[in-house]
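Laboratory data are not the source of any read-out in this text; all were calculated from the coordinates shown. What you see is a predicted model; the values in this text were computed from it and never measured. Virtual Cβ from ideal backbone geometry, glycine too; neighbours counted across all protein chains shown.
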Amino acid sequence: MPNAKPAASGHGLTEKRQYDAALSDLNESIRLDPFSACALTNRGRVYAFKRDLDRAIADYDEAISINPAFALAYNNRGDAYRDSEQLDRAAADYGEVIKLAPTDARGWRNRGMVKLFQGDTRAGLADYDKALQCDLADAYSWNNRDQAKMRLGDKAGAIADFRKALEISPGLRTASDSLKRLGAAQ
């Protein structure tokens with residue numbers, strides 16, 4: 001595989017927040033293999049980190065046209081749509097993630113977040129419940145589900161979920177801050 005090194009290097013540089021170097025490596029990878037949905041998705045991720053959401057979405061679009069079953073490209077494009085406040089498009093992409101990878105908690109969790117943003121708290125809660133059926137160790141689903149429970153007036157349920165999120169991820173600031181606001185800090 002001629003482009004494995006640049007693509008892998010680009011991913012590592014992204015994790016180190018060396019975005020320009022990552023773009024250089026990913027551009028080379030795409031030059032060597034313009035049909036690499038993975039390299040395009042990784043480059044889209046770098047653009048998203050740089051807040052260039054139009055370019056990110058364009059790369060995700062291209063990755064999806066190459067591999068229509070690439071759930072990660074739909075998930076990342078959903079994130080870019082969410083961040084650009086195109087919530088209906090984000091929900092549709094997360095729905096595709098759910099169709100392609102129904103046991104991956106991310107699709108359910110992310111669509112649940114969009115449902116909360118759109119004011120559909122019960123639908124958001126149902127998606128978080130489904131995410132937790134897929135992955136009980138997903139601290140973000142616990143944390144987000146408690147937000148839905150708070151909106152529905154279930155303070156005890158929200159506190160329990162915040163505590164579970166902190167049990168899994170002790171440094172999760174939103175959960176610890178919310179417990180403090182609720183007077184239930186540990």
(Q) Using the Cα centre of the chain as origin and beta-carbon charges of +1 (Lys, Arg) and -1 (Asp, Glu), tell me which of 132, 162, 42 is placed farthest towards the positive end of the dipole. (A) 162
Q | Loop-resident sites, the range 41-118, for trypsin sites (Lys or Arg not before Pro), counting at most 15 other Cβ within 10 Å (DSSP) | A | 50, 51
**Q.** the range 112-185: C-alpha pair distances exceeding 16 Å, %
**A.** 42 percent
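To the nearest 0.05, what FRET efficiency results for residue 20 and residue 137 with a Förster distance of 35 Å applied to their C-beta separation? Could the numbers behind the result be given before it?
Working: r = 35 Å, r/R0 = 0.99.
So the FRET efficiency works out to roughly 0.50.
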Q: Can you pull a Stokes-Einstein diffusion coefficient for the range 59-131 at 25 °C (0.890 mPa s), Rh from Kirkwood over Cα pairs, as a whole number of µm²/s?
A: 208 µm²/s
**Q.** Lys, Arg +1 and Asp, Glu -1 on Cβ, resulting dipole of the range 83-186 about Cα centre, debye, nearest 20
**A.** 360 debye
